[in-house]
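Chemist: Take a look at the following structure, please.
The values are calculated or read from the model by the stated rules, or taken from the named source; none is laboratory data. Worth saying up front: this structure is predicted, and the values here are computed from it rather than measured. Ideal geometry is used to build each Cβ from the backbone, glycine not excepted, and the neighbour counts take in all protein chains shown.
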Amino acid sequence: MLVTKPVAELCALLIDELHGELPSRIFAILLSKGRSNLTQLAQYTAMTPRQVRHGLAVLQQHNLLFYHVDPSAEFASYEANADHAYNLVRTGKILEMVDTSFGPAAKDVMQSLLLSGQTRISDLVAAYREKIEQANQTAAIIGDDDDFGAETNGVNGDSQPAKKPGPLVKSTAHLNTLICRLVEAELIDVVHSKSFESPEDVLKTVEKEVMDKHFPAGVKGNKAKIELQERIAEGLRKVRGESKSLKRKLEQNGGSAAKRRKLVAGLGGANGVQDEDMDPALDPRQVIRINYEKCLVDLRNRRLAQYATDMIGETTAYVYGVLLKLLTKDLPRCRANPVMDAGDEKDESEKGTVCVTTEQILDNLKTSVDLSLGIGKAERRQVSSTAAEKIELYPPKKRVLIEEAEVDGEASADEDEGDNESSEESEYDSDYKAPATNGANGTNGVNGTNGTKVKFDESAAPKERRLDRPGQLRQHLLILSESTQRFVRHCGPDEWTVDFVPVMNSLREVELDSVIERTCGRQGLRLVRILRAKGKLDEKALPNVALMRKPELQQKMLEMQTAGFVSVQEVPRDLKADVKKSFFLWFCDVDRSLSRLLDTSYTTMVHCIQVLEALRQKERDVLETTKRTDVRGREKDTMRKSYYERYSRFLECERTLFAQVMRVDDLVSVLRDF
């Protein structure tokens, strides 16, 4: 796998941070030298074969490398898995996402899998059984101590001593239920033989099998080539589907278990403990691991919901989050593989777009959420029912920024006639009747003086909230579909879908504009938007278009060219290359800017981790003191004041650096993975 130098350095630093120096050195050699065997790795790293085997075992345990066994030479060669190595930086985000969606107990199970890597279910159950027994013994000892010393604790016997909280996973049956829930959500996959092979090796194996079985005489003609690609894609999907064998088994043996768990939770089940017997027992020999591809899908949903919050509002963004969760329930990854998913895309085009109905969204909304918030109240004559009910069956081929049109004055006669003739439009408009205003209070809640008068006055709540809950939900969905960013597409009557490609392109441009504004100011952002809208512009015509003086414009353009946001092209007027007689055209290449911004992000993350390592070396004496068993957990009481102040400053710097890495990773996710 070819990676850039900043990515290789970042992956090696992340592995060193979590797994130690030995695996990190081997991984860095694999990235620089490519596929290598054990003898070559021992030679490159100047380590003994035993040390190399230990490092390879750690890397393989955490799925950080691929291996391929050559049947002719009878030795294994190893290759670095850079994608999973980078995903180590997202460990905290994945745990936070699981905690929000499934609870702290599921987060504890995911954390155990992230720390242990690929794990057999029996080993995981044994580890949790030992942890539960130790917690029960500790609780029994604390209980006995409380019986003897209850009178000496507290003031006048009113306050009881604080008890240590019990384990999050209550029993092995509870652990089985949590694993089943994570498997059903596809956050946990099954490990099979092909999991340890690189995608290139799997593709070669499938191609060879297809050629030997279906095309022994060779491929002749375009029809045979198309059939070959389809069979290869089918074989790759079959290999990929082996990791979902446990989920299919749960669906076959206990397909209604999820529904029963939902029913028990609605009746007051606490943390999934009462529905432990509803899930079938898992095979203890099964090996499981974290599915990072599905985790990225859920992280993308959270990022898009945050994007909708920034652009529209919290209530509408919550509705958008529920819509995304329903749409991506069976979506295995963010970006499709052009070879593997060729047949799937064809089937989707024949069956139709994946969509969600309004009723499905309403069933999954929390009843505590007030959908009347964040909705404007426009007058009936100022709402175009034809535009609001517009249905787009097909996604846009490319994203086009469309300015919102504002219509002043009274509605046309055609619109009035259409409103009176259509019964459906009349019923729809009746939901938007605004309360009458009089006197000086008629301007309360008016957003601006021109265009549609949208009122956000919540004082008349009883009158305004006569609108039923499905109608309020529909208004939020229409707001999302009519926004400039096109968060949602109205693909049918009461049917909604999301076109992820144009929405993510819009989000990438927003991130790029934010970086340009912080780097070059508002003037630089304005010039970049002008170049995007107009295309290539001559340096003589640009001052007139931008309404800026030529010296200031040239200085700002040179600043942005140095930062990599704009470029210039020299076009000679004749065959002789004369600078004085040439045109100089300024233009903005968005793809090149995003690529450069991605490389800069990698370099920034590497720098943050290197600074953290330098701080650790500087405060090495303090950190070694905190590792002592008599100091750990009681640093403030046992350490000297000067040492404790140094330790506090180091912790603050460490939190700041890790927070910066997380923020940069948000940008990398948007630019590369989502």
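Chemist: Going residue by residue through the range 630-653, is there one that turns out to be modelled with pLDDT of 90 or more, in a helix (DSSP H, G or I), within 27 Å of the chain's Cα centre (by Cα) and of a type outside the set (Asp, Glu)?
Modeler: Yes, the range 630-653 has at least one match.
Chemist: Regarding the range 606-619, can at least one residue be identified that is outside any helix (DSSP H, G or I) and either under 30 Å from Arg529 (Cβ atoms) or out of contact with any Asp or Glu (no Cβ under 9 Å at 6 or more places or on another chain) (or both)? It would help to see each step written out before you state the result.
Modeler: Taking the range 606-619 as the starting set, the residues that turn out to be outside any helix (DSSP H, G or I) are 619.
From what is left, the residues that are either under 30 Å from Arg529 (Cβ atoms) or out of contact with any Asp or Glu (no Cβ under 9 Å at 6 or more places or on another chain) (or both) are 619.
Scanning the range 606-619, I find at least one residue that is outside any helix (DSSP H, G or I) and either under 30 Å from Arg529 (Cβ atoms) or out of contact with any Asp or Glu (no Cβ under 9 Å at 6 or more places or on another chain) (or both), so the answer is yes.
Chemist: Please state which of the following conditions Lys93 fails to meet, knowing it meets all the rest: (1) more than 26 Å from Arg663 (Cβ to Cβ); (2) within 28 Å of the chain's Cα centre (by Cα).
Modeler: Going through (1) more than 26 Å from Arg663 (Cβ to Cβ); (2) within 28 Å of the chain's Cα centre (by Cα) one by one, Lys93 breaks only (1).
Chemist: Need a quick list: helices (runs of 4 or more DSSP H) entirely within the range 1-109 having at least 2 residues that are of a type in the set (S, T, N, Q).
Modeler: Working: elements: 5-19, 21-33, 38-45, 49-61, 82-86, 91-102.
The qualifying helices (runs of 4 or more DSSP H) are 21-33, 38-45, 49-61, 91-102.
Chemist: Which of the numbered conditions does Ser481 fail, given that it passes all the others? Conditions: (1) in contact with a strand residue (DSSP E or B) (Cβ under 7 Å, 6 or more places away or on another chain); (2) outside any helix (DSSP H, G or I).
Modeler: For Ser481, the exception is condition (2).
Chemist: Give just the number: which of (1) in contact (Cβ under 8 Å) with a residue 24 or more places away in the chain; (2) surrounded by 13 or more Cβ atoms within 10 Å (Cβ to Cβ) does Gln569 not satisfy?
Modeler: The failed condition is (2).
Chemist: When the range 474-497 is examined, which residues are found to be more than 24 Å from the chain's Cα centre (by Cα) and hydrophobic (A, V, I, L, M, F, W, C)?
Modeler: Leu478, Cys491
Yes/no per residue for (1) in the same structural domain as Leu331 (by TED's automatic domain parsing); (2) touching a Phe, Trp or Tyr at 6+ places or on another chain (Cβ under 6 Å); (3) part of a helix (DSSP H, G or I); (4) at pLDDT 85 or above:
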residue	(1), (2), (3), (4)
Leu124	no, no, yes, yes
Asp146	no, no, yes, no
Asn153	no, no, no, no
Ser159	no, no, no, no
Pro165	no, no, no, no
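Chemist: In addition: Whether any residue in the range 514-527 is of a type in the set (Val, Ile, Thr), over 22 Å from Cys355 (Cα atoms), touching a residue at least 40 places away in the same chain (Cβ under 8 Å) and crowded, with 17+ Cβ neighbours inside 10 Å is what I want to check.
Modeler: Quick first cut of the range 514-527, residues of a type in the set (Val, Ile, Thr) only: 515-516, 519.
Now drop any that are not over 22 Å from Cys355 (Cα atoms), which leaves 515-516, 519.
Now restrict to residues that are touching a residue at least 40 places away in the same chain (Cβ under 8 Å): 515-516, 519.
Next cut, crowded, with 17+ Cβ neighbours inside 10 Å only: 515-516.
Yes, the range 514-527 contains a residue that is of a type in the set (Val, Ile, Thr), over 22 Å from Cys355 (Cα atoms), touching a residue at least 40 places away in the same chain (Cβ under 8 Å) and crowded, with 17+ Cβ neighbours inside 10 Å.
Chemist: One residue is enough: does the range 482-501 have a residue meeting the conditions at pLDDT 85 or above, under 19 Å from Gly321 (Cβ atoms), in contact with a His (Cβ under 8 Å, 6 or more places away or on another chain) and surrounded by 14 or more Cβ atoms within 10 Å (Cβ to Cβ)?
Modeler: yes
Chemist: Could you go through the range 587-604 and let me know if any residue there is farther than 30 Å from Asn505 by Cα, in contact (Cβ under 8 Å) with a residue 24 or more places away in the chain and surrounded by 11 or more Cβ atoms within 10 Å (Cβ to Cβ). If you could, list the steps in order and put the result at the bottom.
Modeler: Looking only at the range 587-604, we keep the residues that are farther than 30 Å from Asn505 by Cα, and these are none.
So far as the range 587-604 goes, no, none of its residues is farther than 30 Å from Asn505 by Cα, in contact (Cβ under 8 Å) with a residue 24 or more places away in the chain and surrounded by 11 or more Cβ atoms within 10 Å (Cβ to Cβ).
Chemist: Now for a different question. Any idea which of (1) more than 18 Å from Met662 (Cβ to Cβ); (2) modelled with pLDDT of 90 or more is the one Asp70 doesn't satisfy?
Modeler: Exception for Asp70: condition (2).
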